[in-house]
Amino acid sequence: MGKDVIVACDFPGKTETLAFLDRFEGRKPFVKIGMELFYAEGPDIVREIKARGHRIFLDLKLHDIPNTVKKAMAVLSRLDADIVNLHAGGTVAMMEAALEGLTRPDGTRPLLIAVTQLTSTDQKAMETDLLIREPIDQVVMHYALNAKKAGLDGVVCSPLEAQKVHEACGEAFLTVTPGVRFADGEIGDQKRVMTPAEAKRVGSDYIVVGRPITASDDPVAAYERCLREFTD
(Lines give C-alpha, C1' and ligand atoms only; values in the text may rest on other atoms or scores of the structure.)
Protein backbone atom coordinates (compact mmCIF):
# COMPACT_ATOMS: atom_id res chain seq x y z
CA MET A 1 0.00 0.00 0.00
CA GLY A 2 1.31 3.43 -0.92
CA LYS A 3 0.42 6.90 0.25
CA ASP A 4 -3.29 7.59 0.04
CA VAL A 5 -6.13 9.69 1.39
CA ILE A 6 -8.68 7.82 3.50
CA VAL A 7 -12.10 9.49 3.50
CA ALA A 8 -13.84 9.30 6.87
CA CYS A 9 -17.44 8.30 6.12
CA ASP A 10 -18.79 9.51 9.45
CA PHE A 11 -22.42 9.44 8.44
CA PRO A 12 -25.45 8.39 10.52
CA GLY A 13 -26.53 5.58 8.21
CA LYS A 14 -26.34 3.60 5.00
CA THR A 15 -28.47 5.95 2.89
CA GLU A 16 -26.26 8.97 3.47
CA THR A 17 -23.06 6.97 3.06
CA LEU A 18 -23.94 5.33 -0.24
CA ALA A 19 -25.33 8.59 -1.62
CA PHE A 20 -22.01 10.23 -0.77
CA LEU A 21 -19.97 7.46 -2.42
CA ASP A 22 -22.22 7.54 -5.51
CA ARG A 23 -21.03 11.09 -6.15
CA PHE A 24 -17.58 9.78 -7.05
CA GLU A 25 -18.91 8.21 -10.29
CA GLY A 26 -16.60 5.24 -10.66
CA ARG A 27 -13.75 6.44 -8.48
CA LYS A 28 -13.14 4.23 -5.48
CA PRO A 29 -11.64 6.24 -2.63
CA PHE A 30 -10.21 4.43 0.39
CA VAL A 31 -12.86 4.91 3.10
CA LYS A 32 -12.98 4.81 6.87
CA ILE A 33 -15.96 3.23 8.58
CA GLY A 34 -16.10 4.38 12.17
CA MET A 35 -18.22 3.73 15.20
CA GLU A 36 -21.19 5.87 14.22
CA LEU A 37 -21.81 4.13 10.91
CA PHE A 38 -20.86 0.65 12.10
CA TYR A 39 -23.12 0.83 15.15
CA ALA A 40 -25.97 2.11 13.00
CA GLU A 41 -25.72 -0.46 10.21
CA GLY A 42 -23.64 -3.35 11.55
CA PRO A 43 -21.20 -5.49 9.59
CA ASP A 44 -23.33 -5.50 6.43
CA ILE A 45 -22.26 -1.93 5.65
CA VAL A 46 -18.65 -3.11 5.55
CA ARG A 47 -19.55 -5.94 3.20
CA GLU A 48 -21.56 -3.68 0.90
CA ILE A 49 -18.91 -0.98 0.60
CA LYS A 50 -16.22 -3.61 0.09
CA ALA A 51 -18.31 -5.22 -2.65
CA ARG A 52 -18.42 -1.83 -4.39
CA GLY A 53 -14.64 -1.98 -4.72
CA HIS A 54 -13.50 0.32 -1.93
CA ARG A 55 -10.64 -0.38 0.44
CA ILE A 56 -11.79 -0.04 4.04
CA PHE A 57 -10.22 1.17 7.26
CA LEU A 58 -12.50 -0.22 9.99
CA ASP A 59 -11.99 2.29 12.79
CA LEU A 60 -13.55 0.70 15.89
CA LYS A 61 -10.66 1.30 18.33
CA LEU A 62 -11.01 -1.89 20.37
CA HIS A 63 -9.86 -1.62 23.99
CA ASP A 64 -10.68 -4.38 26.48
CA ILE A 65 -9.06 -7.32 28.22
CA PRO A 66 -6.84 -9.38 25.90
CA ASN A 67 -9.18 -12.37 25.57
CA THR A 68 -12.18 -10.23 24.66
CA VAL A 69 -10.23 -8.28 22.07
CA LYS A 70 -8.81 -11.48 20.60
CA LYS A 71 -12.30 -12.92 20.07
CA ALA A 72 -13.65 -9.66 18.68
CA MET A 73 -10.79 -9.42 16.21
CA ALA A 74 -11.48 -12.97 15.04
CA VAL A 75 -14.99 -11.83 14.12
CA LEU A 76 -13.78 -8.65 12.41
CA SER A 77 -11.27 -10.63 10.35
CA ARG A 78 -14.19 -12.16 8.43
CA LEU A 79 -15.28 -8.77 7.08
CA ASP A 80 -12.28 -8.43 4.75
CA ALA A 81 -11.43 -4.89 5.83
CA ASP A 82 -7.99 -3.68 4.80
CA ILE A 83 -7.04 -2.00 8.08
CA VAL A 84 -8.44 -2.39 11.60
CA ASN A 85 -7.36 -0.72 14.81
CA LEU A 86 -7.29 -0.74 18.58
CA HIS A 87 -6.05 1.48 21.41
CA ALA A 88 -2.36 1.12 22.23
CA GLY A 89 -3.26 2.00 25.82
CA GLY A 90 -4.71 -1.50 26.19
CA THR A 91 -1.16 -2.87 26.79
CA VAL A 92 1.24 -5.00 24.77
CA ALA A 93 -0.54 -8.16 25.90
CA MET A 94 -3.84 -6.90 24.49
CA MET A 95 -2.23 -5.98 21.17
CA GLU A 96 -0.55 -9.37 20.88
CA ALA A 97 -3.87 -11.09 21.57
CA ALA A 98 -5.57 -8.90 18.98
CA LEU A 99 -3.03 -9.85 16.34
CA GLU A 100 -3.53 -13.52 17.11
CA GLY A 101 -7.30 -13.22 16.85
CA LEU A 102 -7.15 -11.20 13.63
CA THR A 103 -4.97 -13.73 11.81
CA ARG A 104 -7.07 -16.14 9.75
CA PRO A 105 -6.42 -19.90 9.58
CA ASP A 106 -4.64 -19.42 6.23
CA GLY A 107 -2.27 -16.88 7.79
CA THR A 108 -3.74 -13.80 6.11
CA ARG A 109 -5.09 -10.81 7.99
CA PRO A 110 -5.88 -7.11 7.63
CA LEU A 111 -3.29 -4.58 8.68
CA LEU A 112 -3.52 -3.87 12.41
CA ILE A 113 -2.66 -0.44 13.77
CA ALA A 114 -2.83 1.11 17.23
CA VAL A 115 -4.21 4.49 18.26
CA THR A 116 -1.60 6.35 20.30
CA GLN A 117 -3.28 9.55 21.49
CA LEU A 118 -6.38 11.00 19.88
CA THR A 119 -5.80 14.17 17.88
CA SER A 120 -8.44 15.88 20.02
CA THR A 121 -6.17 15.36 23.05
CA ASP A 122 -3.55 17.97 23.84
CA GLN A 123 -0.93 18.13 26.57
CA LYS A 124 -3.23 19.86 29.04
CA ALA A 125 -6.04 17.31 28.61
CA MET A 126 -3.61 14.43 28.87
CA GLU A 127 -2.27 15.75 32.17
CA THR A 128 -5.52 16.88 33.79
CA ASP A 129 -7.90 14.18 32.50
CA LEU A 130 -5.61 11.17 32.14
CA LEU A 131 -2.97 12.01 34.77
CA ILE A 132 -0.19 11.35 32.26
CA ARG A 133 2.55 13.88 32.99
CA GLU A 134 5.14 13.04 30.32
CA PRO A 135 5.33 15.17 27.15
CA ILE A 136 2.73 14.02 24.64
CA ASP A 137 5.26 13.18 21.92
CA GLN A 138 7.14 10.98 24.40
CA VAL A 139 3.94 9.15 25.27
CA VAL A 140 3.14 8.65 21.58
CA MET A 141 6.62 7.25 20.93
CA HIS A 142 6.31 4.85 23.85
CA TYR A 143 2.93 3.60 22.62
CA ALA A 144 4.29 3.26 19.07
CA LEU A 145 7.24 1.20 20.28
CA ASN A 146 4.85 -1.00 22.27
CA ALA A 147 2.77 -1.53 19.13
CA LYS A 148 5.85 -2.52 17.17
CA LYS A 149 6.93 -4.87 19.99
CA ALA A 150 3.49 -6.52 19.79
CA GLY A 151 3.94 -7.13 16.05
CA LEU A 152 1.51 -4.51 14.75
CA ASP A 153 1.88 -2.81 11.37
CA GLY A 154 1.73 0.79 12.51
CA VAL A 155 -0.09 3.43 14.51
CA VAL A 156 -2.67 6.14 14.30
CA CYS A 157 -1.01 9.36 15.39
CA SER A 158 -1.07 13.07 14.75
CA PRO A 159 0.86 14.12 11.65
CA LEU A 160 2.94 16.16 14.08
CA GLU A 161 4.37 12.87 15.35
CA ALA A 162 4.67 10.89 12.10
CA GLN A 163 8.31 11.67 11.45
CA LYS A 164 9.36 10.79 15.00
CA VAL A 165 7.42 7.52 14.82
CA HIS A 166 9.29 6.56 11.66
CA GLU A 167 12.59 7.50 13.27
CA ALA A 168 11.79 5.33 16.30
CA CYS A 169 10.08 2.39 14.59
CA GLY A 170 11.37 2.38 11.00
CA GLU A 171 10.10 3.63 7.66
CA ALA A 172 8.07 0.46 7.06
CA PHE A 173 6.03 1.04 10.25
CA LEU A 174 2.87 2.77 9.05
CA THR A 175 1.66 6.15 10.23
CA VAL A 176 -2.03 6.77 9.66
CA THR A 177 -2.76 10.37 10.54
CA PRO A 178 -6.08 12.10 11.16
CA GLY A 179 -6.07 15.75 12.16
CA VAL A 180 -5.56 16.95 8.59
CA ARG A 181 -7.18 20.17 7.45
CA PHE A 182 -6.80 22.47 4.46
CA ALA A 183 -4.86 25.65 5.14
CA ASP A 184 -7.99 27.72 4.54
CA GLY A 185 -10.32 25.42 6.50
CA GLU A 186 -11.73 25.13 10.01
CA ILE A 187 -10.00 22.79 12.48
CA GLY A 188 -13.19 21.96 14.44
CA ASP A 189 -12.50 19.89 17.58
CA GLN A 190 -9.03 18.85 16.45
CA LYS A 191 -6.10 20.20 18.45
CA ARG A 192 -3.01 18.87 16.65
CA VAL A 193 -3.40 19.41 12.92
CA MET A 194 -1.48 19.81 9.65
CA THR A 195 -2.36 20.43 6.02
CA PRO A 196 -2.15 17.54 3.50
CA ALA A 197 1.07 18.95 2.05
CA GLU A 198 2.63 19.26 5.50
CA ALA A 199 1.57 15.70 6.36
CA LYS A 200 3.28 14.50 3.18
CA ARG A 201 6.45 16.38 4.08
CA VAL A 202 6.73 14.81 7.54
CA GLY A 203 6.19 11.27 6.26
CA SER A 204 2.56 10.35 6.93
CA ASP A 205 1.71 7.18 5.01
CA TYR A 206 -2.04 7.72 5.04
CA ILE A 207 -4.09 10.75 6.01
CA VAL A 208 -7.65 10.39 7.27
CA VAL A 209 -9.84 13.30 6.21
CA GLY A 210 -13.48 13.70 7.14
CA ARG A 211 -15.31 17.00 7.32
CA PRO A 212 -13.07 18.96 4.90
CA ILE A 213 -14.30 16.49 2.27
CA THR A 214 -17.67 15.20 3.48
CA ALA A 215 -19.00 18.62 4.52
CA SER A 216 -17.74 20.35 1.39
CA ASP A 217 -20.15 21.77 -1.18
CA ASP A 218 -18.20 19.70 -3.74
CA PRO A 219 -16.84 16.61 -1.96
CA VAL A 220 -15.26 15.15 -5.11
CA ALA A 221 -13.30 18.35 -5.78
CA ALA A 222 -12.26 18.52 -2.13
CA TYR A 223 -11.10 14.90 -2.25
CA GLU A 224 -9.15 15.50 -5.45
CA ARG A 225 -7.53 18.59 -3.92
CA CYS A 226 -6.57 16.61 -0.84
CA LEU A 227 -5.19 13.75 -2.93
CA ARG A 228 -3.23 16.16 -5.10
CA GLU A 229 -1.72 18.04 -2.13
CA PHE A 230 -0.76 14.79 -0.38
CA THR A 231 0.48 12.62 -3.21
CA ASP A 232 1.77 14.90 -6.00
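The values are calculated or read from the model by the stated rules, or taken from the named source; none is laboratory data. As the structure is a prediction and not an experimental result, all values here were calculated from the model. Note that we place each Cβ from the backbone using ideal geometry, even for glycine, and neighbour counts take in every protein chain shown. These accessible areas exclude ligands, DNA and RNA; they are computed on the full protein's heavy atoms, side chains included. Shrake-Rupley method; radii C 1.70, N 1.55, O 1.52, S 1.80 Å.
Before moving on, here are some points about what is shown:
- Tallying residues that are open to solvent by 30 Å² or more (accessible area, probe 1.4 Å) and either modelled with pLDDT under 95 or more than 21 Å from Arg55 (Cβ to Cβ) (or both) within region 201-216 yields 4.
- Cross-chain or 6+ apart pairs with Cβ under 9 Å, region 210-231 first and without any contact (Cβ under 8 Å) to a residue 60 or more places away in the chain, then β-branched (Val, Ile, Thr) and open to solvent by 10 Å² or more (accessible area, probe 1.4 Å): Ala222/Thr214; Glu229/Thr195
- Among residues of region 77-91 that are more than 18 Å from Phe173 (Cα to Cα), those with a beta-carbon under 6 Å from a residue that is part of a helix (DSSP H, G or I) and open to solvent by less than 10 Å² (accessible area, probe 1.4 Å) at least six positions away or on a different chain give the pairs Ser77/Leu102; Leu79/Val46.
- Put simply, of Phe57, Phe24 the only residue that is closer than 17 Å to Arg78 by Cα and among the aromatic types (Phe, Trp, Tyr) is Phe57.
- Any hit, region 31-45, residues being under 24 Å from Ala144 (Cα atoms) and open to solvent by 10 Å² or more (accessible area, probe 1.4 Å): yes
- For region 96-119, the set of residues classified as closer than 15 Å to Asn85 by Cβ and among the basic types (Lys, Arg) consists of Arg109 only.
- Hey, Lys124 free of Cβ contacts under 8 Å to residues at least 40 places away in the same chain, surrounded by fewer than 21 Cβ atoms within 10 Å (Cβ to Cβ) and under 20 Å from the mean Cα position of the chain (by Cα) or not: no
- Residue, modelled with the lowest pLDDT, within region 152-187, restricted to residues that are open to solvent by 10 Å² or more (accessible area, probe 1.4 Å) and among the β-branched types (Val, Ile, Thr): Ile187
- Within region 58-75, not a single residue is touching a residue at least 12 places away in the same chain (Cβ under 8 Å), in contact with a Ser or Thr (Cβ under 8 Å, 6 or more places away or on another chain) and open to solvent by less than 40 Å² (accessible area, probe 1.4 Å).
- When residues of region 1-30 are limited to those that are part of a helix (DSSP H, G or I) and without any contact (Cβ under 8 Å) to a residue 12 or more places away in the chain, the one farthest from Pro212 (Cα to Cα): Thr15
- Test: residue in region 127-140 that is open to solvent by 30 Å² or more (accessible area, probe 1.4 Å) and touching a residue at least 40 places away in the same chain (Cβ under 8 Å): no
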